[in-house]
1. Note the full-extension length gain between Lys69 and Met1 as 0.36 nm times their separation in residues minus their Cα-Cα distance, in nm to one decimal.
2. Calculate what fraction, in whole %, of the accessible area of the chain sits on carbon and sulfur atoms when a 1.4 Å probe is rolled over the protein chains.
3. Where only protein heavy atoms count, and the probe is 1.4 Å, what is the accessible area per residue for the chain in Å²?
4. Using the Cα centre of region 7-58 as origin and beta-carbon charges of +1 (Lys, Arg) and -1 (Asp, Glu), tell me which of Leu43, Asn58, Ile22 is placed farthest towards the positive end of the dipole.
5. Output wanted: per-residue J couplings in Hz (rounded whole) for region 63-70, from phi through Karplus 6.51 cos²θ - 1.76 cosθ + 1.60, θ = phi - 60°, x for Gly and Pro.
6. I need the P(r) histogram for the chain: all alpha carbon pairs, bin width 10 Å from 0 out to the longest distance, whole percents.
7. What's the lysine pair count for the chain at a Cα cut-off below 24 Å, pairs eight or more apart or interchain?
8. For a quick check of your reading of the filter: which GluC sites (Glu not before Pro) in the chain sit in a DSSP loop and have no more than 13 other Cβ atoms within 10 Å?
Amino acid sequence: MSLCIEIKLLKENRKSKVIEEISADITAYKKVYERQVYIVYDLGFIQNEVEFKRDIENTTDGVKVIIIKH
């Protein structure tokens with residue numbers, strides 16, 4: 001399938017840290033996987049979901065971000 005799925009928990013105002021982690025993971029995983037899905041479980045810190053997803057998804061083709069709000 002060449003698909004990587006990773007789940008992140010966003011808590012305690014760690015939004016920028018989670019974005020950094022995902023960006024690092026994208027770089028590492030793109031060497032092995034054609035597609036990557038990041039599921040972000042948000043405990044209420046993402047105000048603008050479209051902006052959050054756009055910043056990550058526009059870095060590399062084949063990257064998708066799904067946000068689950070708590």
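The values are calculated or read from the model by the stated rules, or taken from the named source; none is laboratory data. Here the structure is a predicted model, which means the values were calculated and not measured. So basically every Cβ, Gly included, is an ideal-geometry build from the backbone, and we count neighbours across all protein chains shown. Just so you know, the surface numbers come from the protein's heavy atoms only, side chains and all, with ligands and any DNA or RNA stripped out. Shrake-Rupley method; radii C 1.70, N 1.55, O 1.52, S 1.80 Å.
1. 21.7 nm
2. Here carbon and sulfur together make up 51 percent of the probe-accessible area.
3. Roughly 66 Å² per residue, with all protein chains present.
4. Ile22
5. Each residue's phi maps through the Karplus curve to give 10, 10, 10, 10, 10, 10, 8, 8 Hz.
6. 21, 58, 20, 1
7. For the chain, the number of qualifying lysine pairs is 24.
8. Those satisfying the criteria are Glu12, Glu34.
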